[in-house]
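Presented below is the structure to which this report refers.
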Amino acid sequence: MPTNKPIKHFLQFSDFTLAEFEYVIERAKIIKRKFKNYEVYHPLIDRTLVMVFEKNSTRTRLSFEAGMHQLGGAAIYLNTRDSQLGRGEPVEDAGQVMSRMCDIIMVRTFGQDIIERFAAHSRVPVINGLTNEHHPCQVLADIFTFVEHRGSIAGKIVTWVGDANNMLYSWLQAADVFGFHLNVATPKGYDIDHSLVSTTRFTVFDNPSDACQGAHLVNTDVWTSMGYEKENAARLAAFDGYIVDGAKMARAAPDALFMHCLPAHRGEEVAAEVIDGAQSVVWDEAENRLHVQKALIEYLLLGQIEAQ
């Protein structure tokens, strides 16, 4: 249950400092090694994570639920059918009640304002599992994956090909924290909302191929995200030419990595030769959601601990 320690939330990428991220990444390395070696590690015995899903997900639920169990705690899944949120309970009331019955809460919802209001009335840490505006846990996993394969991401070039969605906005915040540069290629009508951006560490390209030039990491996402299915036909037309294929990857650095937060549509936003090719690290990236989120939960509940 809550201690006298100040409550720390993770609602968007900019909520943590570089030092905090570096700590979490180092802890994720240790926790992953324990997992791979079948070492029992239960620092969170008798702790409970509540997972609130207003948007469905495979990777988010599995990584948080399995992760909490692997840390010795328990995880409870709630969707809009199982909670009063789906029946119109004020978000503020839900935050008050849920946080009195558990130790940490993950929320996957629509507008960022919902999770901000929830956290403002929570007595325990709240983690953003995804909102329309931000997806910080995924970008944390992506950066951890890059560090595993290539070392520090500071000073590198990361390319984003696709629309200005929650992933891109989290990448833009990450560029400021970690000190890398973002090349962005978005079709007209799907560009960055500059009111949501404070960094200058990015360059916008009209040509997605040009955006890949010299990149150390090329990143994309589905063209039609959850909730935008009615726009699918228009998006397919607008994104013509934005597929990340072998030709685009050939313009990136020779040792460039390819990432995708999944699920992927081969032949649309990414060619099979890329996502299933030698430069792709999407499966490591997906698995690493588990490890970085375990390190994140540990940090939010226990603070910094000595290496073990």
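The values are calculated or read from the model by the stated rules, or taken from the named source; none is laboratory data. Small disclaimer: the values here were computed from a predicted structure and weren't measured. With ideal geometry, Cβ positions are generated from the backbone for all residues, glycine too; neighbour counts draw on all protein chains shown. Ligands, DNA and RNA are stripped out before the accessible areas are found, and what is left, the full protein with its side chains, is counted by its heavy atoms. Shrake-Rupley method; radii C 1.70, N 1.55, O 1.52, S 1.80 Å.
Holding the Cα-Cα limit at 21 Å, pick out from K156/K248; K5/K29; K8/K294 the pairs that are longer than that. Pairs exceeding the cut-off: K5/K29.
Based on the alpha-carbon set only, what is the convex hull volume of region 187-242 divided per residue, in Å³? Write down the numbers at each step before the final one.
Details: hull volume 6.2 nm³, N = 56.
Each residue corresponds to 111 Å³ of Cα convex hull volume.
Here the accessible area is traced with a 1.4 Å probe on the protein chains. For the chain, carbon and sulfur cover 51 percent of it. Helix 282-302 axis versus longest C-alpha principal axis of the chain: approximately 30°, rounded to the nearest ten. Once the Cα atoms are used to define both axes, helix 136-150 deviates from the longest principal axis of the chain by about 60 degrees. Kirkwood radius for region 34-126, taken over all pairs of different Cα atoms as the inverse mean of 1/r, rounds to 13.8 Å. Bridgeable aspartates and glutamates around K36 (alpha carbons under 12 Å apart, same-chain partners fewer than 8 residues away excluded): E287. The slack between D210 and A237, meaning 0.36 nm per residue of separation minus the straight C-alpha distance, is 7.7 nm.
Give, rounded to the nearest 20 debye, the magnitude of the charge dipole that region 263-308 has about its Cα centre when Lys and Arg contribute +1 at Cβ and Asp and Glu contribute -1 at Cβ.
Charge dipole, region 263-308, about its Cα centre: 180 debye, nearest 20.
The stretch between S198 and T80, if pulled fully straight at 0.36 nm per residue, gains 39.1 nm over its current Cα-Cα span.
The residues of region 166-308 present an accessible area of 42 Å² per residue when probed at 1.4 Å with all protein chains retained. Site pair H69 and E20 shows an inter-label distance of 3.0 nm when each label is modelled 7 Å from Cα along Cα→Cβ. Over the chain, the fraction of Cα-Cα pairs per 20 Å bin, rounded to whole percents and listed from the shortest bin up, is 34, 57, 9. Normalised radius of gyration (Cα atoms, divided by 2.2 N^0.38 Å) for region 200-308: 1.30. On a 0 to 90 degree scale, rounded to 10, what angle separates helix 59-70 from the longest Cα axis of the chain? For 59-70 against the chain, the angle is about 40 degrees.
Once the Kirkwood radius over Cα pairs is known for region 3-51, the Stokes-Einstein relation at 37 °C and 0.692 mPa s delivers a diffusion coefficient of 246 µm²/s. The sum of -39500 (n - 2.57) across all DSSP H runs of n ≥ 4, divided by the residue count of the chain, sets its helix-only mean residue ellipticity at 222 nm to -11500 deg cm²/dmol. Modelled spin-label separation between E92 and L262, with each label point placed 7 Å from Cα along the Cα-to-Cβ direction: 4.0 nm. Computing Rg and the Kirkwood Rh from the Cα coordinates of region 269-308 gives a ratio, Rg/Rh, of 1.26.
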